[in-house]
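Data block below; observations after.
The values are calculated or read from the model by the stated rules, or taken from the named source; none is laboratory data. As the structure is a computational prediction, the values presented were derived from the model and not from experiment. All Cβ positions, even for glycine, are placed from backbone atoms using ideal geometry, and neighbour counts span all protein chains on display. Side chains included, ligands, DNA and RNA excluded: accessible areas come from the protein's heavy atoms. Shrake-Rupley method; radii C 1.70, N 1.55, O 1.52, S 1.80 Å.
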Amino acid sequence: MIKLAPSILAADFSILGKQVKIIEEAGVPYLHIDVMDGSYVPSISFGSPIITSIRKNSKLVFDVHLMVEEPIRMIQEFKDAGADIITVQAEACTHLHKTIHQIKDLGLKAGVSLNPSTSLNTLDYILHDIDMVLIMSVNPGYGGQVFIPNTLQKIRDLKEKALKANATFDIEVDGGITQDNVNEVLKAGANVIVSGTSVFGGDIRDNIDRFNQAFRSFKKENEVMDG
Ligand code: DX5
Ligand code: ZN
């Protein structure tokens with residue numbers, strides 16, 4: 001099933017609750033929540049209090065992307081705040097296997113994110129431990145960047161790796177995805193699409209409709225069963 005995961009980094013925080021509601025009413029399943037510590041990535045975004053406050057009024061799947069040093073320290077905090085999925089940067093974890101299992105032991109889904117230059121081999125011994133792989137199509141830290149083209153080959157390689165290992169995890173792609181390039185990303189093998197600027201920039205409802213239109217034409221072109 002193809003899922004859109006709007007990134008609230010691009011939202012207007014002065015009316016965040018209202019904008020999350022629009023996302024939910026549009027039938028979008030995921031909300032991508034970019035936590036940045038100003039150390040692992042150059043900028044600071046927000047912490048768990050923001051999640052706690054929007055959790056009260058939302059049933060969306062909270063797809064929390066921790067762009068922080070040693071995220072193992074904060075798994076419990078973000079679980080308590082209402083995360084459903086916690087994705088960590090492989091490069092930020094001294095003990096990645098242990099971090100993944102801490103997330104799963106708390107009953108959450110575990111994702112691993114790879115920066116543009118990080119090899120897929122990093123995943124070789126955890127392919128059956130993870131629920132999702134996030135392929136960064138920009139260098140993390142900011143919204144509104146341009147999609148890095150060689151990400152498409154990386155997604156295809158990951159898809160092949162998963163098939164060979166008979167591993168079943170979602171493939172999420174994040175950064176610079178628009179209604180115009182999303183078809184390429186889906187064709188390469190992604191099924192969870194993060195988008196910030198192309199959802200929150202302008203009319204949110206209209207932007208979501210255009211993504212859904214792109215998803216429908218992809219499915220029609222590729223006869224993908226929407227399982
Ligand atoms: C970047 C974040 C992305 C970003 C996506 O570090 O992980 O989720 O917010 O924003 P756009 O879609 O504007 O590139
Ligand atoms: Zn993200």
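A few notes on this one:
- By accessible area, using a 1.4 Å probe on protein heavy atoms only, the chain has 52% of its surface on carbon and sulfur.
- Dividing the summed helix terms, -39500 (n - 2.57) for each DSSP H run of n ≥ 4, by the number of residues in the chain produces a 222 nm estimate of -10500 deg cm²/dmol to the nearest 500.
- Positive end of the dipole of the chain (Cβ unit charges, origin at the Cα centre): among 86, 114, 40, the Cα lying farthest that way belongs to 86.
- Packing around the peptides 143-151, 116-124, taken as the average count of other Cβ atoms within 10 Å per residue, puts them in this order, highest first: 143-151, 116-124.
- Spin-label proximity, residue 24 to segment 44-88 - amide N less than 13 Å from point 7 Å beyond Cα toward beta carbon: 52-62
- Over the chain: Kirkwood hydrodynamic radius from C-alpha pairwise inverse distances, Å: 17.5
- Heavy atoms of residue 95 accessible to a 1.4 Å probe, total area in Å² rounded to 10: 110
- Computed over protein heavy atoms with a 1.4 angstrom probe, the accessible surface ordering of 125, 142, largest first, is 125, 142.
- Computed from point charges on the beta carbon alone (+1 for Lys and Arg, -1 for Asp and Glu), the dipole magnitude for segment 12-55 about its Cα centre is near 120 Debye.
- Scattering curve values for segment 13-127, log₁₀ I(q)/I(0), Debye with Cα scatterers, q = 0.14, 0.21 Å⁻¹: -0.58, -1.17
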